[in-house]
Amino acid sequence: VQIHQDGKFHWVASLRNEKNHVYLLDSLYDRNVEIRPFVAIQLCQIYGNGNSRLSVYRSNVQRQSSDTLNCGVFAIANIVEFCINGYKELENCTRTWNFDENNMRNHLVKCLEDGKFTSFPKIEMKSIFMDYDRELLIYVL
């Protein structure tokens, strides 16, 4: 797992699962926007095993509210969710919960004070959010 700064004041997370799939977890994700070059280089350096080409799945994780600066908190929350619970929703593209965005910062502070990360607070959704990952090939020259 890794947290990345994109060179434009935005934070995202990435991970490689047991099936060797690399996922980019971006709380500002927009299907029409390509991965920023600064992040693409980092992904290839970390996960590319010396190759200049890497397949990355842009996963549909929860989006942060447009009026917040919570991208770093979301990056940490997504990684904690993967490390603690496996984030099975990444592979089946369904999610029955959202992080409780109003309580995420306080939870992060408590985890740092306690010296131990726990799952971030969640709100159950009445309907299942379902979307599909978008696989991208990254080339670094």
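The values are calculated or read from the model by the stated rules, or taken from the named source; none is laboratory data. Bear in mind the structure is a predicted one, so any value in this text is a computation, not a measurement. Backbone-built Cβ (ideal geometry, glycine too); neighbour counts: all protein chains shown. Accessible surface areas use protein heavy atoms only, side chains included; no ligands, DNA or RNA. Shrake-Rupley method; radii C 1.70, N 1.55, O 1.52, S 1.80 Å.
Being under 10 Å from the mean Cα position of the chain (by Cα), farther than 14 Å from Phe82 by Cβ and not hydroxyl-bearing (Ser, Thr, Tyr), is that true of even one residue in segment 37-54? No, the conditions are met nowhere in segment 37-54. Taking the criterion of being out of contact with any helix residue (DSSP H, G or I) (no Cβ under 6 Å at 6 or more places or on another chain), open to solvent by 70 Å² or more (accessible area, probe 1.4 Å) and within 19 Å of Ser27 (Cβ to Cβ), the residues of segment 106-120 that qualify are Asn106, Val109. Do any residues in segment 108-129 that are under 18 Å from Asn78 (Cα atoms) and among the basic types (Lys, Arg) have Cβ atoms under 7 Å from those of residues that are open to solvent by less than 100 Å² (accessible area, probe 1.4 Å) and modelled with pLDDT of 90 or more, where the two are at least six apart or on different chains, and which pairs are they? These pairs meet every condition: Lys122/Phe99; Lys122/Asp100. Is it the case that Val73 is in contact with a helix residue (DSSP H, G or I) (Cβ under 6 Å, 6 or more places away or on another chain) and assigned to a helix (DSSP H, G or I)? Yes; evaluated as a whole, the condition is true for this residue. If you go through segment 39-60 and keep only what is surrounded by 14 or more Cβ atoms within 10 Å (Cβ to Cβ) and either under 22 Å from Gly72 (Cβ atoms) or among the aromatic types (Phe, Trp, Tyr) (or both), you end up with Val39, Ala40, Ile41, Gln42, Leu43, Ile46, Tyr47, Val56, Tyr57, Arg58, Ser59, Asn60.
Taking first residues from segment 35-63 that are closer than 13 Å to Val12 by Cα and partners that are hydroxyl-bearing (Ser, Thr, Tyr) and surrounded by fewer than 16 Cβ atoms within 10 Å (Cβ to Cβ), the Cβ contacts under 8 Å between residues at least 6 apart in sequence or on separate chains come to Asn60/Tyr132. If you check Asn102, Asn98 for being modelled with pLDDT of 80 or more, open to solvent by 20 Å² or more (accessible area, probe 1.4 Å) and touching a strand residue (DSSP E or B) at 6+ places or on another chain (Cβ under 6 Å), only one passes: Asn98.
In segment 7-28, what residues are assigned to a strand (DSSP E or B), under 15 Å from Ser59 (Cβ atoms) and not small (Gly, Ala, Ser)? Val12, Leu15, Arg16, Val22, Tyr23, Leu24, Leu25 - these are the residues of segment 7-28 that are assigned to a strand (DSSP E or B), under 15 Å from Ser59 (Cβ atoms) and not small (Gly, Ala, Ser).
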